[in-house]
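Participant: Once you've had a glance at the structure underneath, I'll fire off some questions.
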Amino acid sequence: MNKIAPLLPFLLLAWSPHPATAQAVAPETTIDLLDGQDLDSFYTWLADSGREDPDRVFSIVDQVDGAPALRISGERWGGLVTKQAFRDYHLLVEFRWGLATWGDRRDSTRDSGVLIHCQGPDGSTGEGSSGPWMRSVETQVIEGGVGDFILVAGFDHEGRRVVPRLTAPVTADRDGESVYDPQGEPREFEGGRINWWGRDVDWEDRLGFRGRDDVESPYGEWTRLEVIADGDRITTLVNGTVVNEGTGSSLSEGQIMIQSEGAEIYFRRIEVGPLPPRIETLAGEEGFVPLFDGKTLDGWVLKGKTGAGYEVEDGKIVLPPGGGGNLLTAQEYSDFVLRFEFRLFEGSNNGLGIRAPLEARDVAYDGIELQIIDNTAERYRDIKPWQKHGSLYHVFPARTGYLKPVGEWNEEEVTARGSRVKVVLNGATILDVDTAGMTDPEILAKHPGLNRPSGHLGFLGHNEPVEFRNIRIYDLSGAATAR
């Protein structure tokens, strides 16, 4: 990791009273904007005092959970702005709410935000630079709404009001608000807000609000927020889960601003790095090779067999009632796209293991298990969200409601590329996560397999019937190796 110091000679030349007019840089290595010692990579902007910060709204404190951190008091409206403009980057921040709230928001949800692609004069949200922020795309940081997009309008240098545009697939919730939905109808927004996919429809603007499906960490814990700004595409992840994405952004470069908006908040990481590999959807079947010949289990290894284990029947891999064990490929894979069909029966319970060691104590922990389960069975009525179909077991819950009725064939596609894992069920994206976003030390201790770069893949039988067919793989790494 490099601190921003190597860029300073360039920054001194590029920075001006209107830095967004300077050439934006695409980071080639990770730049630590917050080293715990100073705020030299930023300048401050407050609506009522400009670049002066007489009340120390922004400061470095020595000890927050044992390490230095940026404290933003929230007492006055404004933000901390990077001196450098950026494009094509991966922004990573980790934040935790403090205790204090101020003014009209004293009893409201704690509120802040990360503004990207900031353009125009300082304070351009108000005429004559009288506003607290800049024209930008905001990734919202607010209790219950971390990851919402807000398209922040502002005035340009000629005094014209400019409204950002962004296209996102959305559906309308009960109250008619636009919610990100990968299966929704693409819509271009000019201004306005796009809620993250799990935002509670009963969200209330009250202190301490937490929604039913929130993926941000509980109050008092650190939340990891990532923004991937890739050309005109913006993707937001919260604690490793993709929560919002838009394309066709009218803003694709600019400064980065961390808001002060009525609530005390701490940041222990603010880093800008190069773009990660993009997960693209593969069209058609070209390049896929079969893992199952429809007749035998050649190329597969059965571990921990119980009952009849797995059988081949009419072009299917069948797990009969009472059968079990881990049926794993003889080859190891790192990055891949796996496609297969499966059929569940009443109470079916299985799993897809990926990047698993052949001699695993438990693939769900020593590798990665993606759930294959009949969510509708009465016996599973009270299972945890992370136990439902498509979930990364015990770590990331999947979206539900896309399984076909019991007895019908389902189609599933699983993409693993680096630390990103994506599951598409019957054409719907139900899981899209970055395992590197999991920072909970207890979960990491239980799941050493989250960090495995490669391993075997296969089906994890739990003595309940299930059938598989048409199993094929596209090796993205080109490095499949025989064991």
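Participant: Can you give me the Cα centroid spacing of the range 26-48 and the range 335-391 in angstrom?
Facilitator: 42 Å
Participant: How many angstrom lie between the C-alpha centres of the range 269-294 and the range 172-189?
Facilitator: Centre-to-centre distance over Cα atoms comes out at 26 Å.
Participant: Quick one: which residues, 5+ away or cross-chain, put their amide H under 5 Å from the amide H of Glu332? H built at 1.01 Å from N.
Facilitator: Thr481, Arg483
Participant: Right, another one. For the chain, how big is the tail of P(r) above 43 Å, as a whole percent of Cα pairs?
Facilitator: 22 percent
Participant: Same structure, new question: Report the trypsin sites (Lys or Arg not before Pro) located in the range 237-292 that are in a DSSP loop and have at most 15 other Cβ atoms inside 10 Å of their Cβ, or state none.
Facilitator: Arg278
Participant: Within 11 Å, Cβ to Cβ, of Asp440, how many net charges do the neighbouring residues add up to if Lys/Arg are +1 and Asp/Glu are -1?
Facilitator: Local charge sum for Asp440: 0.
Participant: Same structure, new question: Could you tally the net charge around Asp55, taking each other residue with its Cβ under 11 Å from the Cβ of Asp55, Lys/Arg +1 and Asp/Glu -1?
Facilitator: -2
Participant: Can you show me the helix-derived [θ] at 222 nm for the chain, built from DSSP H runs with n ≥ 4 at -39,500 (n - 2.57) apiece and divided by the number of residues, rounded to the nearest 500.
Facilitator: The helix-only estimate for the chain comes to -1000 deg cm²/dmol at 222 nm.
Participant: Provide the per-residue ³J(HN,Hα) series for the range 154-162, in order, calculated from phi with Karplus coefficients 6.51, -1.76, 1.60 and θ = phi - 60°, each as a whole number of Hz, with x at glycine and proline positions.
Facilitator: Residue by residue, the range 154-162 yields x, 8, 8, 5, 8, x, 8, 7, 10 Hz.
Participant: Fewest to most neighbouring Cβ within 10 Å: what's the order for Trp97, Trp409?
Facilitator: Exposure proxy ranking, most exposed first: Trp409, Trp97.
Participant: Once you have the Cα-Cα distance between Arg193 and Asp314, take 0.36 nm times their residue separation minus that, and quote the gain in nm to one decimal. Before the final figure, lay out each step's value.
Facilitator: Numbers: separation 121, 0.36 × 121 = 43.56 nm, distance 5.13 nm.
Gain on stretching Arg193 to Asp314: 38.4 nm.
Participant: Report, by chain and number, residues whose modeled amide H sits under 5 Å from the one on Trp197, excluding near sequence neighbours (fewer than 5 apart, same chain).
Facilitator: When sequence neighbours closer than 5 places are left aside, the close amide H contacts are Tyr180.
Participant: With θ set to phi - 60°, apply the Karplus curve 6.51 cos²θ - 1.76 cosθ + 1.60 along the range 326-337 and write out the HN-Hα couplings as whole Hz, x wherever there is a Gly or Pro.
Facilitator: 9, 9, 10, 5, 6, 8, 9, 9, 10, 9, 6, 10
Participant: Related question: Convert each backbone phi in the range 71-87 into a coupling constant with the Karplus relation 6.51 cos²θ - 1.76 cosθ + 1.60 (shift: θ = phi - 60°), then list the ³J(HN,Hα) values in order as whole Hz, x for Gly and Pro.
Facilitator: Computed from phi, the couplings for the range 71-87 are 10, 10, 5, x, 5, 10, 7, x, x, 9, 10, 5, 5, 9, 8, 10, 9 Hz.
Participant: Tally Lys and Arg at +1 and Asp and Glu at -1 over the other residues with C-beta under 13 Å from the C-beta of Phe342: what net charge comes out?
Facilitator: -3
Participant: Please arrange Phe42, Phe149, Phe345 by how many other C-beta atoms lie within 10 Å of their C-beta, fewest to most.
Facilitator: Working: Phe42 23, Phe149 27, Phe345 14.
Arranged by neighbour count, lowest to highest, Phe42, Phe149, Phe345 become Phe345, Phe42, Phe149.
Participant: Roughly how far apart, in whole Å, are the Cα centres of the range 417-472 and the range 118-146?
Facilitator: Using only Cα atoms, the two centres lie 38 Å from each other.
Participant: Long-range amide H contacts for Ser391: which residues qualify at under 5 Å (H placed 1.01 Å from N, peptide plane, sequence gap of 5 or more or a different chain)?
Facilitator: Gln371, Ala398
Quick note: the coordinates plus some simple rules give every number you see, no bench work behind them. Computed from a prediction, not measured in an experiment: that's the story for all the values here. Cβ: placed from backbone, ideal geometry, glycine included. Neighbour counts: every protein chain shown.
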